[in-house]
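Please treat every number below as a calculation from the coordinates, not as lab data. Not measured: the values here are computed from a predicted model. Virtual Cβ from ideal backbone geometry, glycine too; neighbours counted across all protein chains shown.
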């Protein structure tokens, strides 16, 4: 029996969970495509000027959930990494998370490769991946980053 | 969302509330009064239904429990059930504390917006997107779509946050 079966079941369970569906219903994210082990999800975003948009993310899910997802910001039209000049803009926290770096994944502690880089996931267990996490954990972090411009835009509008 | 499984029409309602750790989806029969939402959340939250109040996300005033729930009006909206009508919110930052009353259905994002605004700590707009709220004395940023009521249990109606800067790469926080 293939060891892929429980992995695929775990992904399916996450995609049908109430937590995931609620995010879809609220317009925070949407599933774009899924053929194991590749999942593409669009996450809603707010640009620095207050305009709403979305960004695509490619999840490589081999070994999920025991192995952390490999997550890359994606150009869905060309099926390739999103060009650096088209990536999210905003605070240092946003630009650093989506920067181009050696392994080209999203630079957050929960990512398979970024988490191991400089061992920084061990310093931030609240953001590190473990087998009890689900895909929505990552999506909530991405959504929080991508909509963080909301806060600054609100201040500028009130000024 | 209507569900005709097993011959029953149901409406899916997104709910948060007192005693719930996160947003959940419940189902009530089509044609139900709003009080059915309150009853369902009270069971999940482990509190008596008497005196419980129903809000829509980010709305300060409760809604009438006698109204009939209509799918088109509730779809995508998150409801909130709590026994407190208002929560006394305090936010700490650099040795200062500011306070204001919010409905329990208020999202963390809305409290954060106020805390960084000129009415709050007047945070530089360039820095504001890096700010997060954590429960007072803790360091874990709270989800911005969470309702503040989930962190408060009636009759204790006070809630303190810390305004913190979020984690940035290279294992360091600004």
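Using the Kirkwood radius built from alpha carbon pairs, what does the Stokes-Einstein equation give as D for segment A:55-159 at 37 °C and 0.692 mPa s, in µm² per second?
Numbers: Rh = 14.5 Å.
In µm²/s, the coefficient rounds to 226.
Tell me the label-point distance for the pair residue B:136, residue B:73, using the 7 Å Cα-to-Cβ offset, in nm and rounded to one decimal.
Going from the residue B:136 label point to the residue B:73 one covers 3.8 nm.
Let me check I have the definition right: for the protein assembly as shown, take the eigenvalues of the Cα gyration tensor, multiply each by 5, take square roots. What are those semi-axes in whole Å, largest first? The partial results should precede the final answer.
On the way: eigenvalues 210, 149, 63 Å².
Equivalent-ellipsoid dimensions as semi-axes: 32, 27, 18 Å.
Identify which of A:88, A:48, A:109 has the largest mean-square fluctuation in a Gaussian network model of chain A, with springs joining Cα atoms closer than 10 Å.
A:48
Would you kindly give the portion of the calculated P(r) for segment B:14-68 that falls above 16 Å, as a percent of all Cα pairs? Could the numbers behind the result be given before it?
Details: 584 of 1485 pairs.
When all Cα pairs of segment B:14-68 are counted, 39 percent exceed 16 Å.
Could you calculate the FRET efficiency of residue B:44 with residue A:76 from 1/(1 + (r/R0)^6), where r is the beta carbon distance between them and R0 is 45 Å, rounded to 0.05?
According to the calculation, E is roughly 0.75.
When every alpha-carbon pair in segment B:5-44 is counted, what percent end up more than 13 Å apart?
Values: 397 of 780 pairs.
Looking at segment B:5-44, the distances longer than 13 Å represent 51 percent of pairs.
Helix B:35-45 against the longest principal axis of chain B: what's the angle in degrees, Cα atoms only, rounded to the nearest 10?
Between the helix axis and the principal axis of chain B, the angle is about 60 degrees.
GNM on chain B, C-alpha springs below 10 Å: top fluctuator among B:156, B:79, B:147?
B:156
Does anything in segment B:126-162 have its amide N under 19 Å from the 7 Å Cα→Cβ label point of residue A:89, and if so which residues?
Answer for this model: B:126-130.
Against the longest principal axis of chain A, how steep is helix A:149-158, in degrees 0 to 90 to the nearest 10, with axes from Cα atoms?
Value to nearest ten degrees: 20.
Roughly what would the spin-label model give for residue A:31 and residue A:9, points 7 Å off Cα along C-beta, in nm?
Between residue A:31 and residue A:9, the label points sit 1.7 nm apart.
Compute the orientation-averaged projected area for segment B:49-174 from the convex hull of its Cα atoms and round it to one decimal in nm². Can you show the working numbers first?
Working: hull surface 37.7 nm².
For segment B:49-174, averaging the hull's shadow over all directions gives 9.4 nm².
Along the Cα→Cβ direction, 7 angstrom out, place labels at residue B:160 and residue B:65. What is the inter-label distance in nm?
3.3 nm
Find the centroid of the Cα atoms in segment A:10-40 and in segment A:92-109, then give the distance between the two in whole Å.
22 Å
Sort out for me the Cα centre separation of segment B:73-150 from segment A:122-138, rounded to whole Å.
Segment B:73-150 and segment A:122-138 have Cα centres spaced 23 Å from each other.
Give the order of B:157, B:59 when sorted by the count of other beta carbons within 10 angstrom, beginning with the fewest. Write out the running numbers ahead of the final one.
Numbers: B:157 18, B:59 14.
Ascending Cβ contact count within 10 Å gives the list B:59, B:157.
Cut-off 10 angstrom, C-alpha nodes, Gaussian network model of chain B. Which of B:102, B:121, B:55 fluctuates the most?
Of B:102, B:121, B:55, the Gaussian network model singles out B:121 as fluctuating most.
Test of understanding: extend the Cα→C-beta vector of residue A:116 to 7 Å, then name every residue of segment A:34-68 with backbone N under 13 Å from that spot.
Within reach of a label on residue A:116: A:67-68.
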